[in-house]
Every structure is written in C-alpha cells, then in structure tokens.
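Any read-out appearing in this document is the output of simple, stated calculations on the displayed coordinates, not a laboratory observation. Just so we're clear, the structure is a prediction, and the values are computed from it rather than from any experiment. When we count neighbours, we look across all protein chains shown, and the Cβ atoms used for this are built from the backbone with ideal geometry, even at glycine.
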Amino acid sequence: MSHLFIAYGPDDLDALLRVHETLRQASVPTWYSPKNSDADASSPVVLDAIDDAFGMVVLVSASSMGSKAVKAQLQRAIDRNLTLFPVRVDNGRLSKLFKSALADKLTDGIDEEGALTRLVGQVRQRYQKRCPVIAVMNLKGGVGKTTVSAQVFGAWQAALGGRTLLVDLDPQYNLTQTFFSMNVADAFSEQDRSVISLFERSQLHAKDLSSPAENWSRIRVDPFPPANQEQICHSLLTSGGPAGRLDLISGQFEISKYAFAPNPESLAAVGANFRRMIDFYRSNYDLIVFDTNPNATFLTRCALEAADRVLVPMHTDMYSLRGVRLLHQVITDQVSAAVRPDLSVLFNAVSRSEQSDFEADARNGAFDKAAGFKLSQTLMTHALPKSAHLNVRSPEPDSSPWQQLLIHKGRGGGLRSIRETLTSVAQELRDLVEG
Ligand SMILES: Nc1ncnc2c1ncn2[C@@H]1O[C@H](COP(=O)(O)OP(=O)(O)OP(=O)(O)O)[C@@H](O)[C@H]1O
Ligand SMILES: [Mg+2]
C-alpha cells in the first residue's frame, strides 16, 4: 500500500509531528523527508516518494511557501495529479503556486477544533478508495483490444491524469510487446516480474523459490503478499518522458498453464489470489485496465470478476457482433449478479464508407435481437477510425515505451485528429465509469 507524503517547511516541525502522529494513530502510512533541505528539491529519493504516494499533505505556512524544496515537491504532486490535503499552519499570505493549487481546498487551520480529525476523514476516504477496473474484451480476435488498451488508456493518462496500471492478461502478450521488445518482455517473465506473480507465489516473493512458470503441472495455491511494486509494475513513462504514472504488469505465455489445471479447487485458489492482488493495486492506482485474450478461459473469468466495466471493441461487421453476443452471454451466465461488470461497446477501425450502414443500424437497434441484449444502449458515442496511425509497429531498439503512444506523438499527418478522438473516447469512458 502506498503512503501519504507530507510536505513541510523548515519551521513547521511542531505541526509536522502533530499531523504525523495523528495519521499514525489512524494507521495511515506517511512519508516525509527527514532533512527537507533545498537540496532535497531534486533528490531522487524524495521525488520517488512523491511518485509512489496516494496523496500529499501540504503544511501551508510562511516557512513552507518560502522553501524551494516544498515548491518543487508541490509542483511534482501537481504534475502527478496527486490528491492534495492542505493544512494551514499560520496566516502567511498565499504564494501564487499555493494559491492556484490549494486555495479552494484550504478550509482548516491546524488549531481549529476537529481540524486533524477532519483531515484523517478526508485522507481515509482517498486511501480506501478503490479505483475503477476496466477489462478490454471481445470473444472475437483481432478487433483492436490491445490497440485500445494501449492507445485509449495512454490518452486517458495523458489527458485526464491519475495513476494508471495496465495488466497484460493475454497469453499472447501483445500489449507488452507494444511497449517492449520480445527480449525485454521475456527477461521480465524469466524473473517472474510479470503477470504470473499475481496468481502464484514466485521468485518475487522468495529468492530461492523456483518460477511457477517452469512447472505446468503444479499450481501453488497458498496466498502471498503483493510483490514489491517496483519489481512488477514496469514504468512506461520512463525518465525524460511525459509526467505522470503509467505502469504495465507484463504478460507472458505461461499463464496458459491454468487451462490445464488438474482440479477446480486449485484454480479457485489461484483466482482468489489474483483478485486479492488487484484489490491491493486498486488503492495504489486511479485506474486499472486489463487487456485480455479472445477466447473464454479461466483468465476471462478472472478478468470479469475483478472488473467493474467491460469495454468491448468491435468492428462494424457480423463476426464482431457474434463475439459481442457470446461475451454478453458468458457474462450473464457465468458471473454472479453481485460482481457482474457493466458493458460498453466501442466501434473500432471504422472506415468512412462502411461506417454508414452498419454503425447507423446498430445505433438504431437493428442488431439488438442478434446481439441478444440491448446493444444499441451500450454503444459509446465516439468511435475509432480505421487509421494507419493506430496500426502501431513494434518498438525501435532504442526507443522509450511511451514513444509507442500516439497521444505523445507529433501533430502531422492526421495525428492531431486521432489524438482528439482517443481523448474523446477516454473522456466518455471516464464519465461512464464515474457514473
Ligand atoms: N483503428 C485501427 N486502424 C487500423 N489498424 C488497427 C486499428 N485497430 C487495430 N488495428 C490493427 O489491427 C490489428 C489487430 O489489432 P489488435 O492486436 O489490437 O487486436 P486484438 O483484439 O487485441 O487481437 P487479439 O484478439 O489477437 O488479441 C493490429 O495489427 C492493429 O495494429
Ligand atoms: Mg490483443
């Protein structure tokens, strides 16, 4: 579980201790820089602690507003879209940065009655918040699940902010190969720095353990703690790249082993391990996305049971429609109503000419019967066009993972319009998720 960062000025030590002690008693983990000198402003340890935080308490005082370190910390938090919790320590006049970032949230002085209790309440609410989980799924192959997982959610992170985690749940691991070369992806899985460590105890949990990927006939069912986040969540926004947090849990072929599990009990246990791990990450990220395989397997069940919403990319053709119908049937028959995710269907690779009839008919309800449910009511307003830009190639050897994301590419040759569409899809989805 990540921590709450406390930013404070050199003269705020009394206030720091009071806030820290109150949060400690409320079992909220905190982190603050012990020295807090100006040199800390760019110290990697401090910057990493901000990147890993779920929020930042900012002690607002003449001292903190005059501190270079606090200014840099606050700016970093703003860039990372962290939730900010300001606490007024004295009546110093707000500086420009503090005013723009904090003025609308600044209600309490630290000495006002109940101020620290209110702070704990707000922090707890944020700390226990479980972020949305979206599974990108269609039981038809090649409809753009992986493309949507990378490009729409890359755009979500860039345009709407928040910390996003992509999980490659497809044994073909194409999403991972979108960002990393095959060699890098395979090196991750050799060390279990990959999706299998969400299902079974692995080398990430004990150095002397063999990899669960090596033995297909044995499944380790015992529960385990979450792996060290730095080991398993690979950052796609590498240094020198765009701001924010967009991570990937790398995929691998070996999770196919669950298709050959010797008994249902072991699968149930491994599925529960997976759900517990995702639950854990739900407090550390603002959005979790699964890219999934195109056939109904144990992995499909895991994804459906952990997700709040299924995003279904489909082409404007009858084969895709069949995939959507089967998926809807699987969800209704196999997932209990209490955890059943909502469905949103996104037209992908729509070409100008064919868009006309099929898309218009679908929106008018002409295919509701063939789909077996009210498809027309689940269709997203925005659609992704067929575009060579969305046909993303493998990464160049020396490129950074984020360079694969269209949202971070230039504007020429129609890129601008694709970026706007990706952002519109992300915005529409966010509105749906936030309901
Ligand atoms: N809107 C688009 N315009 C042009 N090409 C696209 C578009 N969307 C996807 N593609 C291309 O279509 C192919 C299939 O897409 P993708 O791999 O995302 O599908 P998928 O549903 O994940 O496939 P699978 O079922 O194998 O996992 C890829 O080559 C991809 O680059
Ligand atoms: Mg795919």
| For the chain, share of DSSP beta bridges that run antiparallel, in % to the nearest 5 | 5 percent
| Over segment 162-218: Rg over Rh, Cα atoms, Kirkwood Rh | 0.99
| field | Reach of K140 by Cα under 22 Å, taken over lysines that are not fewer than 8 positions away in the same chain | value | K257, K369, K374, K386
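Highest mean first, how do 392-401, 273-282, 169-178 rank when packing is the count of other Cβ atoms within 10 Å averaged over residues?
169-178, 273-282, 392-401
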| note | With T = 37 °C, eta = 0.692 mPa s and Kirkwood Rh from C-alpha pairs, the Stokes-Einstein D of segment 251-396 in µm²/s is about 190 µm²/s
| remark: Here P(r) for segment 133-434, Cα-Cα distances in 20 Å bins, as whole percents, is 35, 58, 8
| field | Mean ellipticity per residue at 222 nm, deg cm²/dmol - from DSSP H runs of n ≥ 4 across the chain, formula -39500 (n - 2.57) | value | -12000 deg cm²/dmol
| query | Where does each of 246-256, 224-234 land if you order them by average Cβ count within 10 Å, highest first? | reply | 246-256, 224-234
